[in-house]
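Asker: Below is a structure I'd like to ask you about.
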Amino acid sequence: MNFLTVKAVPVVAWSSTHPLNFQPRGVTLFFLCFGLSLFGLGEALLVSAGAGVSPWTVLAQGLGQQIDLSIGWSTFLVSACVLILWIPLKQLPGIGTLANAMIISLVIEQALPYLPAPDHYPMKILECSIGILLVGMGSGIYLTAHLGAGPRDGLMAGLARLTDYPIAWVRTALEISAVSVGWLLGGSVGLGTLFFALGIGPAVSLGLFSVRHLFRETD
């Protein structure tokens, strides 16, 4: 269980030296896009499983109900608020922050028609679990490009650096907080939502741990 002790995104051979790098190497872009594609496929599996939306979607649902916003606009508002929290954490965006939204959305759109939508709940949970693992592994790969993270991943990394707590526990705390507040505001929670809240932190930590140990970490 050593993977649960990971506290920072590792620096590997393809990592950019700075998030605000607008001319990254080809290999850095490849791993950024590959990781985000895996992330998007995992998200698509979660949607296709139909066992419950993600914790941050629950938060967006609840917020939207309280202030009369559509799920799209409330999701945008939640993401914007998370990005504002980057400022005191000194997190920097980059092309990976923009690519996060574009590539993940594209992969979800293209993959959904080809993914199974099981009727039996055990199969739904299995598909959900595979999706969580893929999101975690994709996160572990794209984050090591060091070209900027998505809103929630950046918040996770910044808080882990500030608190010196393992990423797995920081991410789990964030997801549980999001789903709890969202549920109190009126968002809907499914068993898959709880699986995601409890599983995504360890999955991301496993992804980072695997990359660090499969590829030589640089100084």
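Asker: Among the polar types (S, T, N, Q), within 28 Å of His18 (Cα to Cα), modelled with pLDDT of 95 or more and assigned to a helix (DSSP H, G or I): is that true of Ser139 in this structure?
Answerer: yes
Asker: Tell me which residues, restricted to segment 120-135, are among the hydroxyl-bearing types (Ser, Thr, Tyr) and farther than 21 Å from Ile104 by Cβ.
Answerer: Tyr121
Asker: Would you mind stating whether Gly190 is within 19 Å of the chain's Cα centre (by Cα), open to solvent by less than 40 Å² (accessible area, probe 1.4 Å) and farther than 21 Å from Asn100 by Cβ?
Answerer: Spelling it out, Gly190 is indeed within 19 Å of the chain's Cα centre (by Cα), open to solvent by less than 40 Å² (accessible area, probe 1.4 Å) and farther than 21 Å from Asn100 by Cβ.
Asker: May I pose another question? So the check is Cβ under 9 Å with 6+ separation or different chains; which pairs have a first residue in segment 182-195 that's of a type in the set (Val, Ile, Thr) and a second one that's open to solvent by 50 Å² or more (accessible area, probe 1.4 Å)?
Answerer: That search, which allows pairs on different chains as well, returns Val189/Val53; Val189/Trp183; Thr193/Val53; Thr193/Trp183.
Asker: Within the set of pairs 6+ apart or on separate chains, which have a first residue in segment 14-38 that is free of Cβ contacts under 8 Å to residues at least 24 places away in the same chain and on the phi < 0 side of the Ramachandran plot, a second that is surrounded by 12 or more Cβ atoms within 10 Å (Cβ to Cβ) and of a type in the set (A, V, I, L, M), and C-beta atoms under 9 Å apart?
Answerer: Every condition considered, the pairs that remain are Val27/Ala13; Phe30/Ala145.
Asker: Does Thr5 satisfy being in contact with a helix residue (DSSP H, G or I) (Cβ under 7 Å, 6 or more places away or on another chain) and over 15 Å from Leu147 (Cβ atoms)?
Answerer: no
Asker: Same structure again: Looking only at segment 100-116, decide whether some residue is under 18 Å from Leu198 (Cβ atoms) and either basic (Lys, Arg) or open to solvent by 20 Å² or more (accessible area, probe 1.4 Å) (or both).
Answerer: Scanning segment 100-116 turns up no residue that is under 18 Å from Leu198 (Cβ atoms) and either basic (Lys, Arg) or open to solvent by 20 Å² or more (accessible area, probe 1.4 Å) (or both).
Asker: Among the residues of segment 119-133, count how many are of a type outside the set (Gly, Ala, Ser) and open to solvent by 40 Å² or more (accessible area, probe 1.4 Å).
Answerer: Of the residues in that region, 8 qualify.
The values are calculated or read from the model by the stated rules, or taken from the named source; none is laboratory data. Note that this is a predicted model, so its numbers are computed, not measured. A quick note on method: Cβ atoms are made from the backbone with ideal geometry, for glycine too, and the neighbour counts reach across all protein chains shown. Note: areas computed on protein heavy atoms with side chains; ligands, DNA, RNA excluded. Shrake-Rupley method; radii C 1.70, N 1.55, O 1.52, S 1.80 Å.
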